[in-house]
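Heads up: the structure comes next, in structure tokens.
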Amino acid sequence: MAMLSNIVSIVENNWLLLLVGQYPNGPLGGIAATLILSVLGIALAFPLSVLFALATLSPWRVLRWPVMGLVYVARGVPLLMIILWVYFLLPILIGANVSGFSTMVVALVIYEAAFLSEVVRAGIQALPRGQMDAARALGHSHLGAMRYVILPQALFNMIPSIISQFVSTIKETTLGYVINVPELTFAAGQINNRLLTQPFEVYFILAIIYFVVCWTLTRLATALESWIAWRRSGAGNTAVLAATHAVAAES
Amino acid sequence: MSNAAAPSAAPMIRFEGVNKFYGDLAALLDINAEVKKGEVVVVCGPSGSGKSTLIRTVNRLEEIHSGAVVFDGQNVHAKLGGSALNKLRSRIGFVFQSFNLFPHLSVLDNVMLSPIKVSGVGKTDARTRAMELLERVGLANKAQSFPAQLSGGQQQRVAIARALAMEPPAMLFDEPTSALDPEMVGEVLAVMRALARDGMTMMCVTHEMSFAREVADRVWFMDAGRILEVAAPGDFFRTPTHPRAQRFLTDLHAR
Amino acid sequence: MKGFDLLAILTNPSFVQMLVHGVKMTLIIFAGSWLLAMTLGVLLLALRMLPAKPAEWFVEIYVSYHRNVPTLVQIMLWYFGISSLLPNGLQEFLADHNGEAVFAIVALGLCQGAYFSEDLRSGLRSVPKGQWEAARALGHSYMGAMAYILMPQAVRNAMPALINHTVSLFKNSSLAMAIGVAELTHAVKEIENQSFRVFESYLVATVLYLAFSLFLMWLGERLERRSRMAGTV
């Protein structure tokens, strides 16, 4: 009981810090920063990952090998190591100071682009081979077939995977803590340092917040997955077609 | 009739007032029938008539709502402890439409596994017996192969050997040739014919009417969850009495 | 910045000693948490299959919590939070006996156990229903059917996912540095601090991590190939 009231009072006294960090008196932090980091990470990684996937599937070795190398590095080296590399190399490469936040975005983009490219590649390869053949038979170039026939189908099927990759990214932003990026875990650390006596309560709250955010998104991904499966089955197609007609009639 | 042993009077399998429902739909309706020792019964009927459900109640892969199914004097659907049911099942040879061989085990291990683990037969004995059975179904040379490396017909013959390895007093076949390519049906039927010749008690759900005509002692015709006609194959094929059996046979010929 | 000189690190006895110790800690944490996770994975799966609803709910909540909370937060909750609730005697004992490593192993093991149990469960679910029926028809008991017929196939089906999660567990062992475990990442940070050779230190760690991950992937692929059911793709 005492623990529960501690938890309530910690949340009451610190909700703003957990939500936005020290903003507007300091840098934006808390959940807001966590979400912005993740959205930026995925949004920038996604187009890159499509390019990577196209490179690994391309007939040209010069394109395939470097990307496959990168994918192996991302699969084999801890994200923490990649963050440390970016933290060290990025300022040298661009010749200016880089904030922890930007460092984190760059590290996430590299790491996630490599992982997502595998998702995209699998999505493309899961399509029936006849799709590519048909497009080529109609006279499309390799890239044209990709652009107009293969990718639109593959990317649609991949929506759930992209959401679960987004959830992974949210969880990965916690590693920013190691280079002092002001995000949610960092905020919890600050609260803990101030209170000193209630570490369990503080980290429990932290865990619950992440749980709520990630669990909700995971459920969304599952729901979308069954929706997509339903849409791809014959029954769904007619329904979608009908819905499209209805929308067209209204506009 | 090619049976070596004439069917004796004692029943091997007896259905006593068996009913089974899926919601309002009757899957089995007041089934009363018996398979005598040494007898070969072929169950036929249109799809959805309940014949697969019926044969699956014999080893209780399907539950029933009322009645009893008695196998060799024991009610399979009585309140049984788990191990009593397992023991009973191990004595009922069952062959599935989809073979259901264990894909992670070699052909030989598929046949040896259950005698060793269920009946407690020694390894050496189990192996000798398994090899004999594989010989009998003509697949001794495939003993070390894995199921996925065999054709459908070969897999089904292994499945028959696997069931025989438990030395069951009766064998049940649930559409054993329906999943096979036409050119493989013959090899499986040949094994089944040989079994019947050796006096095995058999209950077969099948669409192979030539098999029924040659091998069966009696044919049960089912429709809509009921057994509508029980007759010797000669009579059944020449002069079916029930109108639905007549239509079923006409449809078969038309195909 | 000094010129690139890998030997400055690799020939310095105290750095080498730190590296060796770091690798040792990384491997201890990886092996310890893997064993814990695999044991838990099997137990959770068994628990979930009990015919009792509460057991199923417990496993669902367990899995859901461990998959939706960042691993680093789980480690922190154990190290900073749950440790503070332990009796004083135990807290002191742990402080004297590598408590950080113990908590890292517990946190990583509990977390990965959730993943392993889900891998095994979906492996089991993809075994066709006919296998179960055939096993029962031959007279195998529930446990017998599980042990000889269903689980061997489930594990084979789950193999690729188990391998992936094993590699990510290995990578996640680096998170232990956040609570002060002197594992490999921690060691190279230390070496970097003392030598001012950032590039070289990171390079050594990266190569070591990559080499071991690739070794795990290679091992996994071999295992998978050996256990693959002949004739299947």
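The values are calculated or read from the model by the stated rules, or taken from the named source; none is laboratory data. Given the structure is predicted, the values throughout are model-derived calculations rather than measurements. Methodologically, a virtual Cβ is constructed for each residue, glycine included, from the backbone with ideal geometry; neighbour enumeration extends over all protein chains shown. For the accessible areas, the whole protein counts, side chains as well, though only heavy atoms, and no ligand, DNA or RNA atoms are used. Shrake-Rupley method; radii C 1.70, N 1.55, O 1.52, S 1.80 Å.
Where only protein heavy atoms count, and the probe is 1.4 Å, what is the accessible area per residue for the protein assembly as shown in Å²?
Details: 34030 Å² over 739 residues.
With the other protein chains kept in place, the protein assembly as shown gives 46 Å² per residue.
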Practice task
State, to one decimal in nm², a quarter of the convex hull surface area for the C-alpha atoms of the stretch A:106-193, i.e. the direction-averaged projected area.
Solution key: 6.8 nm²
Problem - Interchain or long-range residues, amide H under 5 Å from residue B:36's placed H - result: B:12
Practice task
Take every Cα-Cα pair in the protein assembly as shown and report what % of them are more than 40 Å apart.
Solution key: 51 percent
Practice task
May I ask you to derive the relative contact order of the stretch A:2-250, considering only C-alpha pairs under 8 Å and at least 6 residues apart, and to give it as an integer percent?
Solution key: 26 percent
Practice task
Take every residue in peptide C:162-172, count the Cβ atoms of other chains within 10 Å of its Cβ, and give the average of those counts.
Solution key: 2
Fill in the blank from the handout: Residue ranges of DSSP H helices in chain A that stretch 18 Å or more (Cα, own long axis) and have mean Kyte-Doolittle hydropathy of at least 1.6 are A:30-57, A:79-94
Handout entry: Distribution of pairwise C-alpha distances over the stretch A:1-146, 10 Å bins, in %
Key = 10, 26, 26, 18, 13, 5, 2, 0
Completion exercise
What helix-only [θ] at 222 nm does chain C give? Using -39500 (n - 2.57) per DSSP H run of at least 4, over all residues, to the nearest 500, the answer is -24500 deg cm²/dmol
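How much FRET efficiency would the formula 1/(1 + (r/R0)^6) give for residue C:228 and residue A:97, where r is the Cβ-Cβ distance and R0 is 45 Å, rounded to 0.05?
For R0 = 45 Å, the calculated efficiency reads 0.30.
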Handout entry: Angle between chain C longest axis and helix C:198-227 axis [Cα atoms, degrees, rounded to 10]
Key = 20 degrees
Handout entry: Label-point separation in nm, residue B:131 to residue A:3, each point 7 Å along Cα→Cβ
Key = 6.5 nm
Exercise for the section: Enter the angle in degrees (range 0 to 90, nearest 10) between the Cα long axis of helix C:184-195 and the first principal axis of the Cα atoms of chain C, meaning the one along which they spread out most. Expected result: 10 degrees
Practice task
Please work out the FRET efficiency for the pair residue A:224 and residue C:92, using the Cβ-Cβ distance as r and a Förster radius of 56 Å; give the result to the nearest 0.05.
Solution key: 0.65
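Sum up the charges of everything whose Cβ sits under 15 Å from the Cβ of residue C:29, counting Lys and Arg as +1 and Asp and Glu as -1, but leave residue C:29 out. Write out the running numbers ahead of the final one.
Details: positive: C:24, C:171; negative: C:100, C:183.
Net local charge, residue C:29 excluded: 0.
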Handout entry: Interface A:C - total buried accessible surface [probe 1.4 Å, Å², rounded to 100]
Key = 3100 Å²
Exercise for the section: Take chain B, connect every pair of alpha-carbon atoms lying under 10 Å apart with a spring to form a Gaussian network, then pick out the residue of B:41, B:121, B:18 with the largest mean-square fluctuation. Expected result: B:121
Handout entry: Where N is the number of residues in chain A, Cα Rg divided by 2.2 N^0.38 Å
Key = 1.24
Practice task
Give the distance, in whole Å, between the Cα centre of the stretch B:19-95 and the Cα centre of the stretch B:153-172.
Solution key: 18 Å
Exercise for the section: Quote the Stokes-Einstein diffusion coefficient, in whole µm² s⁻¹, for the stretch B:132-255, based on the Kirkwood radius over alpha carbon pairs, a temperature of 4 °C and a viscosity of 1.567 mPa s. Expected result: 82 µm²/s
Completion exercise
Nearest 10, in degrees from 0 to 90: the angle of helix C:53-68 to the longest Cα principal axis of chain C is 30 degrees
Practice task
Considering only DSSP beta bridges where both residues belong to the protein assembly as shown, give the percentage that are antiparallel (nearest 5).
Solution key: 55 percent
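Calculate the FRET efficiency for residue B:32 and residue C:125 from the Cβ-Cβ distance with a Förster distance of 30 Å, rounded to the nearest 0.05. Don't skip to the answer; put the middle values down first.
Working: r = 40 Å, r/R0 = 1.32.
Efficiency, from the Cβ-Cβ distance: 0.15.
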Practice task
Rank by packing, highest mean first: peptides C:73-85, A:86-98, with packing defined as the count of other Cβ atoms within 10 Å averaged across residues.
Solution key: C:73-85, A:86-98
Problem - Of every Cα-Cα pair in chain B, the percent that sits beyond 27 Å - result: 36 percent
Fill in the blank from the handout: Residues from the stretch A:148-173 losing no less than 20 square angstrom of accessible surface in the full protein assembly compared with the chain alone, 1.4 angstrom probe, ligands and nucleic acids excluded, are A:171
Fill in the blank from the handout: Simple SL model, points at 7 angstrom along Cα→Cβ for residue A:194 and residue B:232; separation in nm is 9.8 nm
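Around residue B:219, what is the net charge, scoring Lys/Arg as +1 and Asp/Glu as -1 over all other residues with Cβ under 10 Å from its Cβ?
Result for the local shell: -1.
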Handout entry: Peptide A:198-205 - average C-beta neighbours from other chains (10 Å radius)
Key = 5
Practice task
Within a 10 angstrom radius of each residue's Cβ in B:115-122, how many Cβ atoms of other chains show up on average? Whole number is fine.
Solution key: 3
Practice task
Give me the number: length gained by fully extending residue C:53 to residue C:85, i.e. 0.36 nm times residue separation minus the C-alpha to C-alpha distance, one decimal in nm.
Solution key: 8.5 nm
Completion exercise
In nm, the gap between the two label points placed 7 Å beyond Cα toward Cβ at residue A:137 and residue B:78 is 6.5 nm
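So if each residue of separation counts as 0.36 nm, and I subtract the Cα-Cα distance between residue C:61 and residue C:168, what length gain in nm does that give?
Net length gain for the segment: 36.3 nm.
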